[in-house]
Amino acid sequence: MKCPRTESNLKQVKVGGIAVDISQACGGVFFDNHELAHFDEQHENRGTVLIDHLAQFSPPALDYSKRINCPKCTDIVMARQFYSPKHQIEIDICPGCGGIWFDYGELAKLRGLFPHQSDREQAGKDFEKNMLEDPMYQAYFTQIEQKQSLAKKLNRFSQFINTRIF
């Protein structure tokens, strides 16, 4: 596989029995689907070992705003999305295989956001609560409810008309 940022070959490294693909050219790392769960929390030793290993690489000046293709599914452009409700780390996820690409330093940042799974879950609950209390969301939700109500009325009217015609 090739690094999506530098086009150099990725090197497969086993960390705690799990193979991940790293870029020695830019310090990025590719996780296959579901592998990240073994590295993303501070108490997981695998993540510490991997971050220490990646720290030896110096990333060149790169355009991180450029969309990248999945190293595994080379013809699929990876989707950019925030990994957490805190919107502090934007990662690249392959819609085809579910693989995740982390640019240099992003894994370390991620591990610092949520020391434990319970912290991540609480952040999700807090985000949902804040969103539900947001006036813009409430206005949008009200519009949706009004449209659904209108659709039900139109459906009932249509059924009424159809029973009268036939």
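Readers should treat all values here as calculations from the given coordinates under stated rules, not as data from a laboratory. What you see is a predicted model; the values in this text were computed from it and never measured. Cβ coordinates were reconstructed from backbone atoms using ideal geometry, including for glycine residues, and neighbour counts include every protein chain displayed.
Select from the range 1-58 the residues that are part of a helix (DSSP H, G or I) and either surrounded by 21 or more Cβ atoms within 10 Å (Cβ to Cβ) or not small (Gly, Ala, Ser) (or both) and list them in ascending order.
Those that are part of a helix (DSSP H, G or I) and either surrounded by 21 or more Cβ atoms within 10 Å (Cβ to Cβ) or not small (Gly, Ala, Ser) (or both): Leu36, His38, Asn45, Arg46, Gly47, Thr48, Val49, Leu50, Ile51, Asp52, His53, Leu54.
When you go through (1) of a type in the set (A, V, I, L, M, F, W, C); (2) within 21 Å of Ile18 (Cα to Cα); (3) outside any helix (DSSP H, G or I) one by one for Ala61, which number turns out not to apply?
(2)
Do we find that Ile76 is aliphatic (A, V, I, L, M) and buried (at least 16 other Cβ atoms within 10 Å of the Cβ) in this structure?
For Ile76, the condition - aliphatic (A, V, I, L, M) and buried (at least 16 other Cβ atoms within 10 Å of the Cβ) - is not met.
From the list Asp119, Asp103, pick out the single residue that is of a type in the set (Asp, Glu) and more than 16 Å from the chain's Cα centre (by Cα).
Testing whether each residue is of a type in the set (Asp, Glu) and more than 16 Å from the chain's Cα centre (by Cα) leaves just Asp119.
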